[in-house]
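S.K.: The structure's right below; bear with me while I get my questions together.
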Amino acid sequence: MAAALNGTPGVSPRRALIFLGPPGAGKGTQAKRIARTLGLLHLSTGDMLRDHVGRETPLGLLARPIMDDGGLVPDEIVLGMVAERLGRPDCANGFILDGFPRTLPQARELDEVLRKGSWGKPLVVNFVVDEEDLIRRLTGRRTCSIGGEIYNIYDRLPKVAGRCDVDGGELIQRADDRPDVIRERLDAYNVKTKPLEDYYSSQGVLMELSGVLNMDAVTLTLLEMVETGASPA
Ligand code: AP5
């Protein structure tokens, strides 16, 4: 369902964007591009959790086995992490949430955080991609071990094999991009996250985006959606 948000009472000129969609839909790829173009902060709960895992913090040690199995980290942990992050000054102009919220309790709590921060209604973009494409994208994904830039052996190769174009970092395959874990992640998405489509649709803030176009076309479409507050005709 398309929602025209410009001029809607309660919509703040500061931007709170939510990128919703299944694993591999292109949320991270597009969040990086749109954040750079519009000067917004990109907040990926997956990246934040992977950072904790890499540093072996208590949170990371708790999250690691859950992430390795393709499940969702408990709401209270993710909520605490996000609420703290959104309170920092670098979020003041606006942010893109990538991979959050993922459950109804997370969405309800986020509403409360946005209300208290006078953010008004978020703009929620739902990336729609069929499962066959998702599996191909996830098994083909390679990620920079330094800056997190995202590549793909089918659709986005680096200039030098195995090295990031941006910072020369080694390109690695994420631990949860194995076929058996991908299946679990897709199941978790269908059971726990998909209901958010109805949640945001009933608030009139959900916009659907076909993620099957090439990456540049998706970026242009997204910029138009953010600019106009409406899905392209
Ligand atoms: P997270 O890191 O958020 O993973 P995800 O949601 O499963 O999403 P992905 O990062 O896999 O996909 P994406 O949509 O960003 O796609 P991308 O742009 O990379 O979460 C990981 C784990 O952390 C979860 O399983 C959970 O355990 C935990 N977690 C995180 N948040 C949580 C929360 N809120 N609550 C509880 N637990 C949480 O693109 C994929 C590939 O496709 C890339 O190779 C890319 O180059 C390619 N591609 C992108 N766009 C296109 C295109 N248009 N055409 C062709 N190829 C494309």
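S.K.: Length gain on complete extension for the stretch ASN214 to ARG36, per 0.36 nm per residue less the alpha carbon to alpha carbon distance?
M.R.: Numbers: separation 178, 0.36 × 178 = 64.08 nm, distance 1.88 nm.
Working it through step by step, the gained length comes to 62.2 nm.
S.K.: For LYS192, LYS32, LYS116, LYS159, write out the residues from largest to smallest accessible area, computed with a 1.4 angstrom probe and no ligands counted. If you can, show how the numbers build up before the last one.
M.R.: On the way: LYS192 105, LYS32 35, LYS116 150, LYS159 180 Å².
Result of the area sort, largest leading: LYS159, LYS116, LYS192, LYS32.
S.K.: Using only DSSP helix segments of four residues or longer, with each worth -39500 (n - 2.57), what per-residue ellipticity at 222 nm results for the chain after dividing by its residue count and rounding to 500?
M.R.: Values: 9 runs with 101 residues, N = 233.
That calculation yields -13000 deg cm²/dmol at 222 nm.
S.K.: Which whole number of Å³ per residue matches the convex hull of the alpha-carbon atoms in region 1-139? Present the calculation step by step, with values, prior to reporting the outcome.
M.R.: Details: hull volume 17.8 nm³, N = 139.
So the per-residue Cα hull volume is 128 Å³.
S.K.: Could you tell me which GluC sites (Glu not before Pro) in region 26-93 are loop residues by DSSP with no more than 10 other beta carbons within 10 angstrom of their beta carbon? Before the final figure, lay out each step's value.
M.R.: On the way: sites: GLU56, GLU76, GLU84; in loops: GLU56.
Answer in residue order: GLU56.
S.K.: Multiply the residue separation of ASP130 and ASP47 by 0.36 nm, subtract the distance between their alpha-carbon atoms, and state the gained length in nm to one decimal. Provide the component values of the computation, followed by the final result.
M.R.: Values: separation 83, 0.36 × 83 = 29.88 nm, distance 2.38 nm.
So the chain would gain 27.5 nm between ASP130 and ASP47.
S.K.: Students often forget the sequence filter, so: which lysines lie under 23 Å Cα-Cα from LYS121 once same-chain residues fewer than 8 apart are removed?
M.R.: Partners within reach: LYS27, LYS32, LYS192, LYS194.
S.K.: Then there's this: If eta is 1.002 mPa s and T is 20 °C, what Stokes-Einstein diffusion coefficient results for the chain, Kirkwood Rh from Cα pairs, in µm²/s? Before the final figure, lay out the partial values.
M.R.: Values: Rh = 18.1 Å.
Rounded to a whole number, D works out at 118 µm²/s.
S.K.: Let me ask something else. Under the Cβ-under-4.7 Å rule, which cysteines of the chain stay unpaired?
M.R.: CYS91
S.K.: If you don't mind, there's one more thing I want to ask. Just the accessible area per residue of region 12-148, please: how many Å² with a 1.4 Å probe? Before the final figure, lay out each step's value.
M.R.: Working: 6090 Å² over 137 residues.
The answer is 44 Å² per residue.
S.K.: Can you give me the convex hull volume of the Cα atoms of region 56-126, divided per residue and expressed in Å³? Show your work: numbers first, answer last.
M.R.: Numbers: hull volume 7.6 nm³, N = 71.
Dividing the Cα hull volume of region 56-126 by its residues yields 107 Å³.
S.K.: While we're here: P(r) for region 144-203, please, calculated from all Cα pair distances in 5 Å bins and given in %.
M.R.: 4, 16, 17, 13, 13, 14, 12, 8, 3, 0
S.K.: Would you mind telling me the antiparallel percentage of the DSSP bridges in the chain, rounded to 5?
M.R.: Of all bridge pairs located within the chain, approximately 30 percent are antiparallel.
S.K.: Sticking with this structure for a sec: Given the protein chains as shown and a 1.4 Å probe, how many square angstrom of ASP69 are accessible, to the nearest 10?
M.R.: 110 Å²
S.K.: While we're here: When the accessible area of the chain is split by element with a 1.4 Å probe, what percent falls to carbon and sulfur?
M.R.: After summing per-atom areas, the C and S share lands at 54 percent.
S.K.: Here is a follow-up. Could you tell me the convex hull volume per residue, in Å³, taken over the Cα atoms of region 114-233?
M.R.: Details: hull volume 18.6 nm³, N = 120.
Dividing the Cα hull volume of region 114-233 by its residue count gives 155 Å³.
S.K.: Would you list the P(r) distribution for region 191-233, with all Cα-Cα distances sorted into 5 Å bins from 0 and each bin expressed as a whole %?
M.R.: Taking every Cα pair in region 191-233, the percentages come to 5, 21, 24, 20, 18, 11, 1.
S.K.: Between THR228 and LEU157, with labels modelled 7 Å along Cα→Cβ, what's the label distance in nm to one decimal, could you check?
M.R.: 3.6 nm
The values are calculated or read from the model by the stated rules, or taken from the named source; none is laboratory data. Here the structure is a predicted model, which means the values were calculated and not measured. Glycine gets a Cβ as well: all are built from the backbone with ideal geometry, and neighbour counts include every protein chain shown. The area values use the complete protein model at the heavy-atom level, side chains included, leaving out ligands, DNA and RNA. Shrake-Rupley method; radii C 1.70, N 1.55, O 1.52, S 1.80 Å.
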